[in-house]
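Have a look at the structure below, then the notes.
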Amino acid sequence: DTGVSQNPRHKITKRGQNVTFRCDPISEHNRLYWYRQTLGQGPEFLTYFQNEAQLEKSRLLSDRFSAERPKGSFSTLEIQRTEQGDSAMYLCASSLTGGNLDEKLFFGSGTQLSVL
Amino acid sequence: QKEVEQNSGPLSVPEGAIASLNCTYSDRGSQSFFWYRQYSGKSPELIMSIYSNGDKEDGRFTAQLNKASQYVSLLIRDSQPSDSATYLCAVKNDMRFGAGTRLTVKP
């Protein structure tokens, strides 16, 4: 078990370009979350998956953002037509939950996006 | 819109003092509450979880939950400089986080 892995660690792109990030959760973890975090703020919820099903997506998220978890394992987050305001740390977390009250998130190291 | 609010910081306490961190939430259906700690430049890590009204103690940490008031808090006793970090409140079902409270413990 190597923990939650995110790639790339850093991404620099020009405004208007598309970017895609990948998250590999801890194996057998059924839930996967995406967050965005800027300096001095808490993680902002973007979306989460239960296995391959996307259960919720933040209403704050524009249509430029899309996420997939096609086989219930790794996930990708794509941002189309990037804007400077998209610059942030994008965090992925996974958990194993059986529908009970307890749930511990394990976070990856994040992907730092800079939009020039 | 589901909201998780934390008391504005930063919070500074002397070493050995009690640090008190507060969190309120808007979704009355929430049943599970979590406190995460995030050191500068690192990812969040879980400290404690709480599901029932009342207090839950784990070492120097005590979580308190009042569902009627939609309020959850974290007390850190005998604060140490190594406790200096940002503390994040999270609420299930969709694991939304508050903005965090930055705590500094001064030697």
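Tabulated data
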read-out	value
Matching residues, region B:29-86, being among the basic types (Lys, Arg) and either buried (at least 17 other Cβ atoms within 10 Å of the Cβ) or on the phi > 0 side of the Ramachandran plot (or both)	B:37
Region A:28-37, subset touching a Ser or Thr at 6+ places or on another chain (Cβ under 8 Å) and more than 9 Å from chain B (Cβ to nearest Cβ), residue nearest to residue A:63 (Cα to Cα)	A:34
Residues (open to solvent by 20 Å² or more (accessible area, probe 1.4 Å) and under 20 Å from residue A:11 (Cα atoms)) located in region A:35-60	A:36, A:37, A:38, A:39, A:44
Residue match in region A:50-57 (condition: within 20 Å of residue B:89 (Cα to Cα), within 8 Å of chain B (Cβ to nearest Cβ) and modelled with pLDDT of 95 or more)	no
Considering residues of region A:14-45 that are touching a residue at least 40 places away in the same chain (Cβ under 8 Å) and aliphatic (A, V, I, L, M) only, the residue farthest from residue A:115 (Cα to Cα)	A:26
Flag for residue A:106 being within 13 Å of chain B (Cβ to nearest Cβ) and open to solvent by 70 Å² or more (accessible area, probe 1.4 Å)	yes
Strands (runs of 3 or more DSSP E) contained in region B:6-65 and holding at least 1 residues without any contact (Cβ under 8 Å) to a residue 40 or more places away in the chain and within 10 Å of the chain's Cα centre (by Cα)	B:45-50
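The values are calculated or read from the model by the stated rules, or taken from the named source; none is laboratory data. Predicted model only: the values in this text are computed from it and were never measured. Note: ideal-geometry Cβ built from the backbone for every residue, glycine included; neighbour counts use all protein chains shown. The accessibility values were calculated without ligands, DNA or RNA, using every heavy atom of the protein model including side chains. Shrake-Rupley method; radii C 1.70, N 1.55, O 1.52, S 1.80 Å.
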